[in-house]
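See structure below.
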Amino acid sequence: MKLTDSLTTHFRIDVAHVKALKRLRIETVSDLLYHLPARYEDISDVQSVSGLEKNQEAVVYGQLSGLKTRKAWKSRKPIAEGYVEDGSAKMRIMWFNQPYIAKMYADGMYVKLAGKVAGSEGKLYLSNPEVEPLDSLPIDRHDSIFKGTDQVSDTLYPVYRESKGITSKWIYHTVLKCFEKDILDILIDPIPIEILKKYNLPELKTALVWIHSPKKAKDAESARKRFAFEEVFYIQVQKAQERASVSAAQTYEVQTNDEHIKEFTDRFPFKMTKAQAGSIKSITNDFIGNHAMSRLLEGDVGSGKTAVAATTAYAVATSRPPEGLGKDLEYGNLQVAYMAPTEILAKQHFESFIEYFQHLPISIGLITGSGCMKYPSKSDPNKPTKISKAQLTKWIKNGEIPIVIGTHSLIYKSVEFKHLAYVIIDEQHRFGTNQRKRLAKKDTRLPHLLSMTATPIPRTLALTIYGDLDITLLDEMPVGRKPVITKVVGPGQRKEMYEHVESELKAGRQAYVICPRIEEPDPDKITALNMKSVLAEAKRLKKDIFPEWRIESLHGKMTPAEKDRVMKDFSEHKIDILVATSVIEVGVNVPNSTNIIIEGAERFGLAQLHQLRGRVIRGTHQSYCFAVTESKSDKTRDRLKALATAKNGFELAEHDLQFRGGGELYGGKQSGLSDLGMEAIKNLKLVEAARNEARHIVEQNPDLSRSFPLIAEHVTRIGEVLHME
Ligand code: ADP
Ligand code: MG
C-alpha cells in the first residue's frame, strides 16, 4: 500500500460510494488518513430515545421530522412541535411559546437535543429542548468502536465528517485497516524533526494513530495540535513566499510629502483621528519604498476608512509616471483602481470621491455591471455623467482617468490601465493579492495594495489568513460620534422595544429588522429558509405591530435589480422598516435608519452582531440596537451583554474565539482553514511559532521544492485551493 494509491485499489467500494468519497475530497489513501476526526464523542452522556423516562433531563442525538406550528387547544398559545428519531425510537418534541422554532430547523436535520422528558406514560415528549444542529450523528452507543479492546478509555471515539452513504464508522474502520497494512511504516514526516522537537509535537506516525484512535484524550489533543501546527505552517510558508515574490517585483514610486497630503486633508469638514493620520503615514511611507505595499486596513464601520482611501488615492493620482507626462496631458498620472463588493457600495464610493476631489482636475470613472459613469461631465463640470463602457475603458487605457471605482467588473471586463499604481479593495476577504495581479495584467510593475475591512477578526486569524500583509488598525472612532445604545431583549420584553421603535418612526427615523440566521448544511436551503423567515416576520410586523408603517423585505433570493430597488427606496425613505436577512450587504449607508432589531441574536457571534449594529452607526441622531433572544439561559444573556460594554469589534472577536470557537468567526468559512486550523488559531503561541518557522525556512531556502519537496508539495496544494474560487 502506498499513500498515493487510490482507495479502490485496496478496498471494495462501489461507484456510488466512490462519488460520495469524492465529495469529501477523499480519493487516495493519503486523503483518507488526512480526513481527521471532526471531534470525539464521549458516549457516556448519550442516551437512546427508547430508554427515556418521565422527568429525566435527557441528551439525545437524532433526526428531526414533522416540524410544524399550531395553537394550543385551549389557551390558543402557539406551540412548535415535531419528532426526533435516533434508531431506537421516535419521540415527540414540543416547544411552548416558541413558534419560530419550527421555522428555524428543517425536517431531516441531525440534532443534539437537551431537554426534559414530560407527558404521561406512553405519551412521553421532550419539552422545550435546546437544539444544536449537527453535521452527522455519532455512532450508535451500543456499537462502541472500542468494544472488546483493552483501551484505557472506552467512551472516547472519533466522529468524522460524513457524506451520503459514507458513515463515520466506515471511515474509522477503513483507517484502521490501512494501519494494519503497515502504511505507517512508509510515511515520511514533511515537518523537520527539529521543529517538532522544539514545540514538543508528535511525529507524523504517532500523531496519525493518536488522532484516529486515541487511547487517552491527552494523546488526541497532542495529535490535533501537531496537525493544526502543520496546517498553519503550510499557510504561513505560502504567505511568506507570496511576500518574497512581491518584494522581488518592481513597483511604482509615489512621491508625496506631509505638505502635499495636508493640502488635501485640510479641506475635510472634520479633523482626522490619530488613527487615520497614522495609517495615511504608514501607507505613504510604503509608497516611497522599493517594494509594492501589501497592507490590510482594519477598522470598525464608521471609523473613516474611505477618507484614508481617498487621501492616499490623491497622493497617487497626483504623481507622475516614471517616464513623465504624455503630450498635452495635464493629468496623465499614476492610476488607482478602487474595488467594492457590490454595486451599491461602488456607487456610494463614487459619490464620496466626487466630494473629495471636486476641487481638483482629476477625473473619476465608475464601472459596474449595469453601466459606466464619469466625473466630471463635459456639459456640467459639477456633475457626473453616463458614458459608454467603450469610451470609459479607452480613457482608462490611455491614462486620462486616474481614479477608477468599480465592482468585480473591473477585473472581469477587459479593463486595461496605463499606469496602475494602486489597488484599493473594500470589504474583500482573502482574494486581495490575487486581484492585484489580475488587475495589473501585463504591466511589469506591481501596484501597491490596500485591502480594507470592517470585519473584526482576532489577531491570530489575521496573522494566519493575512500573513502576507502588513496590518494597520483604525481602532479609534471620530470624536462626537454617539455610541449605539444596545439593549438585550429577553422573552416577554418586546412590547417596550416596539414602543420605542414606533416613537422613533414617528420622529421621522427608519429601522432595520434582521431575521435569524438559519443554519442548514445545504446552502440552498439556507437562503430558502431565511427568505421564509424574513417574509413571515415582515407579514407579522405589518399585521400585529406596525400596521401604519411602510414595511418591505430584502433577502438573498431576490435578483440584484430587485435588491437595488428596495435599497434605493429605503435610502430615499419610501420604506420605514426594512426586514432583511443577515447576509445582505454590509456597509450600506442609510444615516436616517437609527434602529436595528436583531432577532435570534443568540445565534450570531458577537463580532457579527457588532457588524450588523454598524449599520446604524452613521447618522447624527442617537442610534439603538436591540439584540432579541428567546433564550432563557443566563449564559446566553451574559454573552450578549458584552455587546453593550465592549470598546470595539476586535475585543468582541477575541471574545467569540475564546467562548465559541473559530467556527463562529465571520470570515471563518472563507479563510480556507479547516475546522482543525480554526481550532489552532485559539492558540497565539502556536500561530506565532508556525509563522516564525515558516518565514525562517523560506528565507533560508529560496528553492523550497529542492530542499523540502514535501513541504513545497503541500504548499502548492493550498495555493490551488485558495485560488480556485
Ligand atoms: P468606514 O470606515 O465604515 O468606511 P466611512 O469612511 O464611510 O467609514 O466614514 C463614515 C463617516 O464618517 C463618513 O460620513 C465620513 O465623512 C465621516 N468621517 C470620516 N472620518 C471622520 C473624522 N475623522 N471625523 C468625523 N467624521 C469622519
Ligand atoms: Mg466603508
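The values are calculated or read from the model by the stated rules, or taken from the named source; none is laboratory data. Fair warning: this is a prediction, and the values are worked out from it, not measured in the lab. Positions of Cβ are backbone-derived with ideal geometry, glycine not excepted, and every protein chain shown enters the neighbour counts. For accessibility, only protein heavy atoms count, side chains too; no ligands or nucleic acids. Shrake-Rupley method; radii C 1.70, N 1.55, O 1.52, S 1.80 Å.
Among all positions in the range 573-583, there is no residue which is touching a strand residue (DSSP E or B) at 6+ places or on another chain (Cβ under 9 Å) and without any contact (Cβ under 8 Å) to a residue 24 or more places away in the chain. Scanning the range 474-489 for residues that are open to solvent by less than 30 Å² (accessible area, probe 1.4 Å) and under 23 Å from Ala601 (Cβ atoms) turns up Val484, Thr486, Val489. Look at (1) open to solvent by 30 Å² or more (accessible area, probe 1.4 Å); (2) touching a His at 6+ places or on another chain (Cβ under 6 Å); (3) among the aromatic types (Phe, Trp, Tyr) and you find that Tyr234 fails only one, number (1). Can you pull out every residue in the range 95-113 that is open to solvent by 20 Å² or more (accessible area, probe 1.4 Å) and either assigned to a strand (DSSP E or B) or in contact with an Asp or Glu (Cβ under 9 Å, 6 or more places away or on another chain) (or both)? Across the range 95-113, the qualifying residues are Phe96, Asn97, Gln98, Tyr100, Tyr110, Lys112.
Please enumerate the residues belonging to the range 265-292 that are within 16 Å of ligand 2 (Cβ to nearest atom), part of a loop (DSSP other than H, G, I, E, B) and touching a strand residue (DSSP E or B) at 6+ places or on another chain (Cβ under 6 Å). Correct list: empty. Within the range 267-286, residues that are in contact (Cβ under 8 Å) with a residue 40 or more places away in the chain and closer than 24 Å to Thr251 by Cβ sit with their Cβ atoms under 6 Å from residues that are surrounded by 20 or more Cβ atoms within 10 Å (Cβ to Cβ) and among the polar types (S, T, N, Q), at 6+ positions apart or across chains, in these pairs: Ser279/Thr472; Ser282/Thr472; Ile283/Thr312.
Listed here are the residues, each with its yes/no results for (1) more than 26 Å from Arg615 (Cβ to Cβ); (2) among the charged types (D, E, K, R); (3) more than 16 Å from ligand 2 (Cβ to nearest atom).
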residue	(1), (2), (3)
Glu242	yes, yes, yes
His260	yes, no, yes
Glu298	no, yes, no
Val308	no, no, no
Ala315	yes, no, yes
Ile344	no, no, no
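Looking at the structure I just gave you, is Lys383 in contact with a Ser or Thr (Cβ under 6 Å, 6 or more places away or on another chain) and more than 16 Å from ligand 1 (Cβ to nearest atom)? So Lys383 passes the test. Scanning the range 530-564 for residues that are among the hydroxyl-bearing types (Ser, Thr, Tyr) and either within 16 Å of Lys574 (Cβ to Cβ) or part of a loop (DSSP other than H, G, I, E, B) (or both) returns Ser553, Thr559.
Table: residues versus (1) hydroxyl-bearing (Ser, Thr, Tyr); (2) within 20 Å of Val131 (Cα to Cα); (3) out of contact with any strand residue (DSSP E or B) (no Cβ under 7 Å at 6 or more places or on another chain).
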residue	(1), (2), (3)
His10	no, no, yes
Ile13	no, no, yes
Lys22	no, no, yes
Ile26	no, no, yes
Asp31	no, no, yes
His35	no, no, yes
Tyr40	yes, yes, no
Asn55	no, yes, no
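Taking the conditions (1) touching a Gly at 6+ places or on another chain (Cβ under 9 Å); (2) away from ligand 1 (no atom under 13 Å from the Cβ); (3) more than 30 Å from Lys568 (Cβ to Cβ) in turn, Val316 satisfies each one other than (1).
One line per residue, one yes/no per condition, for (1) open to solvent by 20 Å² or more (accessible area, probe 1.4 Å); (2) over 30 Å from Tyr34 (Cα atoms); (3) in contact with a Pro (Cβ under 8 Å, 6 or more places away or on another chain):
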{"position": "Thr251", "(1), (2), (3)": "no, yes, yes"}
{"position": "Glu259", "(1), (2), (3)": "yes, yes, no"}
{"position": "Asp266", "(1), (2), (3)": "yes, yes, no"}
{"position": "Phe287", "(1), (2), (3)": "no, yes, no"}
{"position": "Ala292", "(1), (2), (3)": "no, yes, yes"}
{"position": "Ala315", "(1), (2), (3)": "no, yes, no"}
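On the stretch given as the range 605-624, residues that are among the charged types (D, E, K, R) and touching a strand residue (DSSP E or B) at 6+ places or on another chain (Cβ under 7 Å) total 2. With respect to the conditions (1) in a helix (DSSP H, G or I); (2) within 16 Å of ligand 1 (Cβ to nearest atom); (3) open to solvent by 30 Å² or more (accessible area, probe 1.4 Å), Lys177 falls short on a single one, namely (2).
Being modelled with pLDDT of 80 or more and within 17 Å of the chain's Cα centre (by Cα) is a property that does not hold for Leu643.
Could you list, in sequence order, the residues of the range 274-285 that are surrounded by fewer than 20 Cβ atoms within 10 Å (Cβ to Cβ) and of a type outside the set (A, V, I, L, M)? The answer is Lys274, Gly278, Lys281, Ser282, Asn285. Report yes if some residue within the range 189-209 is in a loop (DSSP other than H, G, I, E, B), loosely packed, with under 13 Cβ neighbours inside 10 Å and modelled with pLDDT of 90 or more; otherwise report no. Yes, the range 189-209 has at least one match.
All of Thr69, Thr8 fail the test of being modelled with pLDDT of 85 or more and assigned to a helix (DSSP H, G or I), apart from Thr8.
Restricting attention to the range 457-475, the residues that are within 16 Å of ligand 2 (Cβ to nearest atom), in contact with a Ser or Thr (Cβ under 7 Å, 6 or more places away or on another chain) and closer than 24 Å to Ser247 by Cβ total 1.
State yes or no: is Val308 more than 15 Å from ligand 1 (Cβ to nearest atom) and part of a helix (DSSP H, G or I)? The answer is no for Val308. None of Ala38, Ala16, Ala20 is in contact with a Gly (Cβ under 8 Å, 6 or more places away or on another chain) and closer than 28 Å to Met678 by Cα except Ala20. When the range 185-238 is filtered for residues that are of a type outside the set (Lys, Arg) and within 20 Å of Lys2 (Cβ to Cβ), the ones remaining, listed by number, are Asp185, Ile186, Leu187, Ile188, Asp189, Pro190, Glu203, Leu204, Ala207, Leu208, Val209, His212. As a summary of the residue check, Ile171 satisfies the conditions (1) open to solvent by 20 Å² or more (accessible area, probe 1.4 Å); (2) modelled with pLDDT of 90 or more; (3) closer than 29 Å to Ser674 by Cα except for the one numbered (1).
May I ask you to list the residues in the range 476-500 that are within 16 Å of ligand 1 (Cβ to nearest atom) and within 30 Å of the chain's Cα centre (by Cα)? Result: Glu476, Met477, Pro478, Val479, Arg481, Lys482, Pro483, Val484. Strands (runs of 3 or more DSSP E) fully within the range 354-456 that include at least 3 residues being away from ligand 2 (no atom under 16 Å from the Cβ): 364-368, 371-375, 385-387, 420-426. Only one entry of Asp86, Asp45 meets the criterion of being acidic (Asp, Glu), modelled with pLDDT under 90 and surrounded by fewer than 16 Cβ atoms within 10 Å (Cβ to Cβ), and that entry is Asp45. Right, Ala346: assigned to a helix (DSSP H, G or I), among the hydrophobic types (A, V, I, L, M, F, W, C) and open to solvent by 30 Å² or more (accessible area, probe 1.4 Å) or not? Considered against the rule, which asks whether it is assigned to a helix (DSSP H, G or I), among the hydrophobic types (A, V, I, L, M, F, W, C) and open to solvent by 30 Å² or more (accessible area, probe 1.4 Å), Ala346 comes out as no.
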